[in-house]
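S.K.: The following block contains the structure, expressed as structure tokens.
None of the figures in this text is laboratory data; all of them are computed from the coordinates on show. All figures in this text were calculated on a predicted structure; none of them were measured in a lab. Here Cβ is always computed from backbone atoms with ideal geometry, including for glycine, and neighbour counts include all displayed protein chains.
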Amino acid sequence: MKRGTLIAVLTAIMVMACSAFSFAADGLELVSSYPEDGQKNTSMENLGVKLTFNHPINSDEAKKVDASKFSIVDQDGEKVPVQVLFSAKNDGLVLVVADIDQGFIAKNNSEYTLTIDGGLVDNDGNVLEKAQTITFRTYNQKVNNMVNMGMMFFMFGGIMFFTMRQNKQKEEENSDKDENKEAFNPYREAKRTGKSVEEVMAEQAKKEEKLARKKARKNKGKDEPQDKKIENCAELLNNVYHVHAPAPISKEDRSVNALNKMRKDAARAEKAEREARAARRKRKN
């Protein structure tokens, strides 16, 4: 065999081997699903599964073969009527939903299983080698209703508690006002109740004492003594001077030297007045 013929035969064998390997490695596969296998608390409305494959499945030939490859059964093994919807786009999306037009109603807290039969094909003829199953469970509506009802009762109970508490406080305040309006007459009360005057007066003293304690609690902190007004800040603060005389009006007399002179004059006048008072006291003595 010539060398060129041998090279051509080996090249053809390598190409065929690579093509077969690529075809085997790039078969039809399920990429993802929603809900996922084993997922719980799924919605009861529009029960179904969203499937995504690695190749498009929307040609007329593929639809004819694949329409019967999807099925859903409940936990009792009863078959659920389904609709298989293929995406018009070239993205490998398939929706398998329960057909509510046939009277299907999803069960509460129930398990459902989607089965994809082997032999599913895509637009290029690639085949799903093994069957796939996805099991999911709907959420427990009874438990959710109980939780919601419990929260509602808790909220209404809290509202009723605070409302009754406020009404009770208002009634106590009104009763205290009514008691204060009418002067207490021990003889009239003794005649009305059939008790002695001493017993009636003792009960009234207890009521007044209780009322006084309640008022004291309410007025606690209201009658605290106010801070003493500071009249001369110069006695407490540094760098603050007491003004003995009004500041000069003219701008010329507002210099530092003029102010110092004014303070010295005021100090001398005050000293002279003290000396004069002392001299007058001596003359009197």
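S.K.: What order do you get for 163, 113 when you list them from fewest to most C-beta neighbours inside 10 Å?
M.R.: 163, 113
S.K.: Here's something else I'd like to know. Specify whether the C-alpha gyration tensor of the stretch 146-218 places it in the rounded, prolate or oblate class, a ≥ b ≥ c being the square roots of the eigenvalues: rounded for a/c under 1.5, otherwise prolate if a/b is larger than b/c and oblate if not. The partial results should precede the final answer.
M.R.: On the way: a/c = 3.83, a/b = 2.88, b/c = 1.33.
The shape class here is prolate.
S.K.: Hey, can you rank 41-48, 76-83 by average C-beta count inside 10 Å, highest first?
M.R.: 41-48, 76-83
S.K.: Continuing with this model, one more query. Taking the Cα centre of the stretch 146-218 as the origin, how large is its charge dipole in debye, to the nearest 20, when only Lys and Arg (+1) and Asp and Glu (-1) carry charge on their Cβ atoms?
M.R.: On the way: 17 positive and 13 negative charges, 38 e Å.
My answer is approximately 180 debye.
S.K.: Over the stretch 82-205, what is the relative contact order in percent, taking alpha-carbon pairs closer than 8 angstrom and at least six residues apart?
M.R.: The value is 13 percent.
S.K.: Beyond 18 Å, what percent of the Cα pairs of the stretch 73-203 remain?
M.R.: Roughly 77 percent, once rounded to a whole number.
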